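The values are calculated or read from the model by the stated rules, or taken from the named source; none is laboratory data. Model, not experiment: these values are computed from the prediction. No Cβ is skipped: glycine too gets one built from the backbone with ideal geometry, and neighbour counts run over all protein chains shown.
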Amino acid sequence: MHPFLRKLNGIFARGASHAPEDLPLEAVLSEEEFNNYSFVIGGLFTYFNDLPEAEKRKFVSRVHHFKTGKKFHFIGLEHQEDTSTLVSASAVQVTFGLNNYSLTHFKDIYILADAYHMEDDEELYIGHVAPEGIYLSWKHFLYGYSNKTDNINVAVHEMAHALLYNNFFAQYGIDNHFRLNYERFSNSTGPILADAITNRRSYLRSYAFSNLHEFWAVSVEAFFENPKGLRDNMPELYVALCGVLNQDPMTHQKIIKSEP
Ligand SMILES: [Zn+2]
C-alpha cells in the first residue's frame, strides 16, 4: 500500500476507536507485515494456525489494529513488540466472531514478568481486569498457551472479563450481538450453575462458581483451551458459548455467521 494511504488508514483507524457508533476498521497490511505477524502468532497459537488463509488475514489485521490502539506497559520485563502482538492476539481470539472487537474502553495493557500482589492484598494474581486496564503475568500467559490440556489460560480468562466489562459497564465499543446474546447466555446457564452448585462437582474448575463473572471467564477459558472436552461434558454450555461469541473453535473457520 502507498505510504500516504497507509498513514491515512491509520488516522481513520485511530479515529474510529473513539467513535462509539463506528466499528473498528481492519487495517490493510503489506505482505511482509502479514508474514511477520503470522510468524510470531503462529509460533504460539494453534487456533491461528488452524484458520483458512482468508481468516488468517482477518485475524492478523485485527491484531495489528488492536495493538496500535493500546498502550502496553512492561513491568519487570523488557518492552518487546512480539509480546504486545501475542497479548493482542489473545484478545482477537476471544472476540473473533464479533464485529466490535477492540475492547475500546481499555486503552492500557500492563504486562508483568510474573505473578504479583495488588495493594493491601495478600493474594498473588496472575491477571486481572480493572477499569483502568488489563493486567497479565507474562510467565503465566506463556504457560496458558503452551499447556493445552488443563483448561487454564489466563489471557483468555482476562480477555473474557474485559469483553463483558466493555459491553455492560463501559460507554464505547459495544457489540450489539454480544450484548443481546450474553443475556440469553446467562438465562440459559442458570440451570447449569444450579446443578453444579447442588452436586458440588462440574467439568469446570471450582473457581467458576465464585460468582457469575467468574463462571463466564472460566467457561470461555475451557471453550478455547479444550473445546472438545467442554462440548463432550457440558454440551448446552458449549452451544451457548458458540452463540454468544459467534464462533465454534472446533471448526477451522471458527466464525459461525459472517454478519452476526
Ligand atoms: Zn476471573
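The table below lists the values:
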{"item": "Among (1) out of contact with any Asp or Glu (no Cβ under 8 Å at 6 or more places or on another chain); (2) part of a helix (DSSP H, G or I); (3) within 16 Å of the ligand (Cβ to nearest atom) - the single one H177 does not satisfy", "result": "(3)"}
{"item": "Close pairs (7 angstrom Cβ cut-off, 6 or more residues apart or separate chains): farther than 15 Å from L245 by Cα and surrounded by 12 or more Cβ atoms within 10 Å (Cβ to Cβ) in the range 169-193, at pLDDT 90 or above and of a type in the set (V, I, T) anywhere", "result": "Y172/T104; G173/T104"}
{"item": "Test: residue in the range 11-18 that is touching a helix residue (DSSP H, G or I) at 6+ places or on another chain (Cβ under 6 Å), modelled with pLDDT of 95 or more and either over 30 Å from A113 (Cβ atoms) or not charged (D, E, K, R) (or both)", "result": "no"}
{"item": "Hey, N151 within 23 Å of K254 (Cβ to Cβ), more than 13 Å from the chain's Cα centre (by Cα) and within 16 Å of the ligand (Cβ to nearest atom) or not", "result": "yes"}
{"item": "Tabulated pairs, the range 200-211, first more than 16 Å from E236 (Cβ to Cβ), second at pLDDT 85 or above and within 12 Å of the ligand (Cβ to nearest atom), C-beta under 8 angstrom, 6+ apart or interchain", "result": "R205/I152; R205/V218; Y207/E214; Y207/V218; F209/F215"}
{"item": "Any hit, the range 248-259, residues being charged (D, E, K, R), more than 16 Å from the ligand (Cβ to nearest atom) and in contact with a Cys (Cβ under 8 Å, 6 or more places away or on another chain)", "result": "yes"}
{"item": "R201 vs. criteria more than 15 Å from the ligand (Cβ to nearest atom), part of a helix (DSSP H, G or I) and out of contact with any Gly (no Cβ under 6 Å at 6 or more places or on another chain)", "result": "no"}
{"item": "Test: residue in the range 130-148 that is closer than 20 Å to L44 by Cβ, within 13 Å of the ligand (Cβ to nearest atom) and hydrophobic (A, V, I, L, M, F, W, C)", "result": "yes"}
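Listed here are the residues, each with its yes/no results for (1) touching a residue at least 60 places away in the same chain (Cβ under 8 Å); (2) over 12 Å from the mean Cα position of the chain (by Cα).
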site	(1), (2)
S88	no, no
A91	yes, no
E132	no, yes
L136	no, yes
